[in-house]
Amino acid sequence: MKITKATYLISSPSFDLCPKLHAPEYAFIGRSNVGKSSIINAIVQQKNLAKTSGTPGKTQLINHFEIISNSGIKGPSDKWYIVDLPGYGFAKVSQSSRRRWEQMIENYLRKRPNLCRVFVLIDSRHAPQKIDLEFIEQMYQWEIPITLIFTKSDKEKPGVVTRNVKAMMDTLKEHFPFLPEAFVTSAEKKEGVAEVIACLDRYNQLYIDDTDNK
């Protein structure tokens, strides 16, 4: 799949104000400062589509990006969406603001009709974190399909990254009936990015096939 165009569409302060769209969309979420914007930018091959920040909790809205791609040399163009969600976990905000974010995210994840999959981002530099495990468990309970993206693999020794990824997958295996697909990535070095794009292409095709059969 070749992404030919990626543009910012809208930022919504609540689920009910999100635009009504009739194309597949994929949400990206993770702990604050996990490198979410950098991965989105690497996928669409733009430096500043999603705004990066070193400040945890900077993303506070539901951000939609419209993507145009082509799966074949002469095939038709496909339109789909990437959604940048506020990070969970640490953020220097009030308890009331944090709860508002949590409710906004829950409403979006559970009620968005064209949401195909949630990409959960995990910092590969660290051993399994309780907050990531709790979020993944919530996704299982809500029966929301997820894919894991381990980020920042270039920021730690390869052996450490491998151990951390294995530890996370082993922990998930102990608690859940099946393991999600997972990718190890580096936005800076573009490692694993092509594999994530291929994954998105695959789910786009499944969405199209499912729509055609209805």
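The values are calculated or read from the model by the stated rules, or taken from the named source; none is laboratory data. Remember, it's a predicted structure, so these values are computed and weren't measured experimentally. Virtual Cβ from ideal backbone geometry, glycine too; neighbours counted across all protein chains shown.
For Glu102, state whether it is acidic (Asp, Glu) and on the phi < 0 side of the Ramachandran plot. Criteria met by Glu102. For Thr151, the test of being in contact with a Leu (Cβ under 8 Å, 6 or more places away or on another chain), of a type in the set (S, T, N, Q) and crowded, with 16+ Cβ neighbours inside 10 Å is passed. For region 151-168, taking the residues that are within 18 Å of the chain's Cα centre (by Cα) and either without any contact (Cβ under 8 Å) to a residue 40 or more places away in the chain or part of a helix (DSSP H, G or I) (or both), the one that is nearest to Val196 (Cα to Cα) is identified as Ser153.
For the criterion of being closer than 13 Å to Ile29 by Cα and surrounded by 15 or more Cβ atoms within 10 Å (Cβ to Cβ), Val160 fails. Set side by side, the residues Phe135, Phe183 differ, and just one is touching a helix residue (DSSP H, G or I) at 6+ places or on another chain (Cβ under 6 Å) and within 27 Å of Arg110 (Cα to Cα), which is Phe183. Tell me yes or no: at least one residue of region 34-47 is under 22 Å from Glu102 (Cβ atoms) and in a loop (DSSP other than H, G, I, E, B). Within region 34-47 (the criterion being under 22 Å from Glu102 (Cβ atoms) and in a loop (DSSP other than H, G, I, E, B)), the answer is yes, since at least one residue qualifies. For region 169-192, a residue qualifies if it is outside any helix (DSSP H, G or I) and either loosely packed, with under 13 Cβ neighbours inside 10 Å or at positive phi (or both), and the qualifying residues are Pro177, Phe178, Leu179, Lys189, Lys190, Gly192.
The set of residues from region 26-51 being more than 21 Å from Ala182 (Cβ to Cβ) and charged (D, E, K, R) comprises Lys47, Lys51. Within region 1-48, the residues that satisfy the criterion of being under 16 Å from Arg117 (Cα atoms) and of a type in the set (Phe, Trp, Tyr) are Tyr26, Phe28. Of the set (1) closer than 24 Å to Asp201 by Cβ; (2) basic (Lys, Arg); (3) in contact with an Asp or Glu (Cβ under 7 Å, 6 or more places away or on another chain), all apply to Arg31 but (1).
Are any of the residues in region 5-22 closer than 23 Å to Phe183 by Cα, at pLDDT 85 or above and over 15 Å from the mean Cα position of the chain (by Cα)? Yes, there is a match, as at least one residue in region 5-22 is closer than 23 Å to Phe183 by Cα, at pLDDT 85 or above and over 15 Å from the mean Cα position of the chain (by Cα).
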